[in-house]
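The values are calculated or read from the model by the stated rules, or taken from the named source; none is laboratory data. Everything numeric here is computed off the predicted structure, so don't read it as measured data. So basically every Cβ, Gly included, is an ideal-geometry build from the backbone, and we count neighbours across all protein chains shown.
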């Protein structure tokens, strides 16, 4: 590999780790999403560091960053931009919205109306927005990091399936153990570590790393394994809607990125098994009777992973 993805990922993990305490596994998932050209949904209760994680990752990448606070009165034009009439030139001029950035933090995304949420659909899939019949390309790399609170549902609008499916990974942070929460108090006592955060990479290096990840070798048996896992979610008797083909592709790309971060140029079945819950859980919709019995999408995915035959894979021979 001409570029050490492992070295770059390690720098990002260490940099974000100066701000976020005790969450290296979750931070690694954020880096994987970035390397896959994917998007990230961070869901957890208030105060667990969702926004802080997004801001720390953006600061460490050296990419341009915009934050949009999603509220019920937010309009699509407030996100993607609007065409404004210039009386002097007697033409309409497009004024770009905050989506024209490299790292977009959509804070509390489920508080905006479905019309505003849908403004992100084209951008998240095609890296472009269309306004008044004109297509505007977004800068690269481009990643949407959205946060939402799963507990407080009053005044929120659940994300439609088409929106949820565009998020490559879903991550939860959770509470810190006692010792790590004390370390967090020590770290933030005087001032926020975000104030001293410096970029440890840049856009050019990230784009190169994305290309390296896509070139990671995947044996045919592992591709078949990815397909079988996803198909099992569709065929399960307790599932109303299983993971989509986009989920299958996301599973493959995420496994490639995890392999590259580990310093390998080939994917192992363990890479797929490790990343599968984060790629598939939010894409599985249960039948109502299954929810009444207390089943969860995570339990279904765990069952599939535990019962599906794992292929034997070896390193590609030169």
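The table for this structure:
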read-out	value
Every residue from segment 190-235 that is closer than 18 Å to residue 262 by Cβ and touching a strand residue (DSSP E or B) at 6+ places or on another chain (Cβ under 7 Å)	216, 217
Whichever residue in segment 14-34 is closer than 23 Å to residue 214 by Cα and without any contact (Cβ under 8 Å) to a residue 60 or more places away in the chain and, among such residues, is surrounded by the fewest Cβ atoms within 10 Å (Cβ to Cβ)	25
Test result for residue 252, surrounded by 15 or more Cβ atoms within 10 Å (Cβ to Cβ) and at pLDDT 95 or above	yes
Count - residues of segment 184-204 that are touching a helix residue (DSSP H, G or I) at 6+ places or on another chain (Cβ under 7 Å) and either surrounded by 16 or more Cβ atoms within 10 Å (Cβ to Cβ) or not in a helix (DSSP H, G or I) (or both)	5
Residue 129 being in a strand (DSSP E or B), in contact (Cβ under 8 Å) with a residue 60 or more places away in the chain and in contact with a helix residue (DSSP H, G or I) (Cβ under 9 Å, 6 or more places away or on another chain)	no
Filter result for residue 141 (crowded, with 17+ Cβ neighbours inside 10 Å and within 20 Å of the chain's Cα centre (by Cα))	yes
Any pair with Cβ under 6 angstrom, 6 or more apart, that starts in segment 42-54 at a residue that is touching a residue at least 24 places away in the same chain (Cβ under 8 Å) and assigned by TED's automatic domain parsing to the domain that holds residue 192 and ends at one that is buried (at least 20 other Cβ atoms within 10 Å of the Cβ) and in a helix (DSSP H, G or I)	42/50; 44/50
Condition broken by residue 235, with the remaining ones in (1) surrounded by 14 or more Cβ atoms within 10 Å (Cβ to Cβ); (2) in the same structural domain as residue 272 (by TED's automatic domain parsing); (3) over 20 Å from the mean Cα position of the chain (by Cα) satisfied	(1)
Helices (runs of 4 or more DSSP H) completely within segment 1-78 that count 3 or more residues being farther than 21 Å from residue 280 by Cα	5-17, 50-61
Meets criteria (in contact (Cβ under 8 Å) with a residue 24 or more places away in the chain and over 30 Å from residue 188 (Cβ atoms)) for residue 116	yes
Within segment 77-113, tally of residues that are out of contact with any strand residue (DSSP E or B) (no Cβ under 8 Å at 6 or more places or on another chain) and at pLDDT below 90	4
Index of the failed condition, residue 67 passing every other in (1) farther than 28 Å from residue 259 by Cβ; (2) in contact with a helix residue (DSSP H, G or I) (Cβ under 6 Å, 6 or more places away or on another chain); (3) crowded, with 16+ Cβ neighbours inside 10 Å	(2)
Residues (assigned to a helix (DSSP H, G or I) and within 18 Å of the chain's Cα centre (by Cα)) located in segment 104-126	109, 110, 117, 118, 119, 120, 121, 122, 123, 124, 125, 126
In segment 212-222, residue nearest to residue 174 (Cα to Cα) [restricted to those that are under 24 Å from the mean Cα position of the chain (by Cα) and surrounded by 13 or more Cβ atoms within 10 Å (Cβ to Cβ)]	213
